[in-house]
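The structure appears right after this line, and notes come after that.
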Amino acid sequence: MAQTEERVSRGGIGRYLLVYLGILILAGLQFVIAYQHIDGRQMFARMFLIAMAEAGLGVMFFMHLWEEKRGLLLFVAVFTIFVIAAMQYGWPDSFRMLVGVPGASN
């Protein structure tokens, strides 16, 4: 507990408020993009990039990953990419449940 209070008093709470304000602005920008009449791919790309920026700010500042060693930061980034890539193996099974097994006769 004392260590957390020391961090806040040393760096000030202003930095966290600025990051929070930045996340709120990015969320507002997503709201604006949602009501634009643009192509689905463009909307997805813009929303995804803004969501990645919001998540990055949240992880780096509110989870204090910014203050950790760079090796841990690299490990978390690589591990997260690995988990997301491993989750992609489930998609073919979900489509099989929807349309059935290929080549099977009814």
| task | Report, by residue number, each residue of the range 38-68 that is within 28 Å of Gly14 (Cα to Cα), open to solvent by 70 Å² or more (accessible area, probe 1.4 Å) and at pLDDT 85 or above. | result | Phe48, Leu49, Met52
| request: Would you point out which residue out of Tyr16, Tyr35 is surrounded by 12 or more Cβ atoms within 10 Å (Cβ to Cβ), among the hydroxyl-bearing types (Ser, Thr, Tyr) and either within 19 Å of the chain's Cα centre (by Cα) or modelled with pLDDT of 85 or more (or both)? | output: Tyr16
| field | Top-ranked residue in the range 69-83 [being loosely packed, with under 10 Cβ neighbours inside 10 Å and at pLDDT below 85; ranked as nearest to Met52 (Cα to Cα)] | value | Arg70
| Residue among Ala45, Ala53 that is in contact with a helix residue (DSSP H, G or I) (Cβ under 7 Å, 6 or more places away or on another chain) and of a type in the set (A, V, I, L, M) | Ala53
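The values are calculated or read from the model by the stated rules, or taken from the named source; none is laboratory data. Computed from a predicted model, the values in this text were never measured in an experiment. Here Cβ is always computed from backbone atoms with ideal geometry, including for glycine, and neighbour counts include all displayed protein chains. All accessible areas refer to the heavy atoms of the entire protein, side chains included, with ligands and DNA or RNA removed. Shrake-Rupley method; radii C 1.70, N 1.55, O 1.52, S 1.80 Å.
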